[in-house]
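S.K.: Got a structure for you, questions after.
Bear in mind that the values in this text are calculations on the coordinates, not laboratory data. Given the structure is predicted, the values throughout are model-derived calculations rather than measurements. No Cβ is skipped: glycine too gets one built from the backbone with ideal geometry, and neighbour counts run over all protein chains shown.
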Amino acid sequence: MGLHQSVFRYYARVPENDTWTPALVEGNEAAPSFKTAVYGMGLGEHRYKKLYLYDGYSRVAKASINKKGSVYVEFASKEGVDFWWEIVAAKSSTCTEEIFFKCFNTVKDIAKNNVIIFTLKKI
């Protein structure tokens, strides 16, 4: 993997005024917590609409949700995309991969833009 892994940090932007939060999680738990938060964002578990994962001062990923409820995870590089699939989401009582993938399809757009899109399943 091409990531430096100096110190991972995960941040969010507050939707009311689009300001940064302090680092929500730092260190070894930042990447798993970020992945869980992305799932939670899609499932409406928190108020953040933009989440960021940094490796030191370099952005690894930005996650956002659109008005139709699709979750976009944009990566700075192909290595970031590969890293996403290696991350084991943090344990959470409400936001699990199993629950998330009951509601979302995965659309990979890796070749063009290093983006993974999760679209809501039609029920």
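S.K.: For the chain, with only Lys/Arg (+1) and Asp/Glu (-1) charged at the beta-carbon, what is the dipole magnitude about the Cα centre, in debye rounded to 20?
M.R.: 540
S.K.: Longest exposed-loop-site-free stretch of the chain, with trypsin sites (Lys or Arg not before Pro), DSSP loop and at most 11 other Cβ within 10 Å?
M.R.: Maximal segment without exposed cleavage sites: 1-46.
S.K.: Using the structure shown, select from K62/K121; K50/K102; K78/K121; K49/K78; K35/K78; K68/K121 the pairs with a Cα to Cα distance greater than 20 angstrom.
M.R.: As for pairs spanning more than 20 Å Cα to Cα, those are K62/K121; K50/K102; K78/K121; K49/K78.
S.K.: Right, another one. Where does the chain land at 222 nm, in deg cm²/dmol rounded to the nearest 500, when only DSSP H runs of n ≥ 4 count, each adding -39500 (n - 2.57), divided by all residues?
M.R.: Taken over the chain, the calculation gives -7500 deg cm²/dmol.
S.K.: Now for a separate question. Picking from V73, V88, P32, whose Cα lies most toward the positive end of the charge dipole for the chain (charges on Cβ: Lys, Arg +1; Asp, Glu -1)?
M.R.: V73
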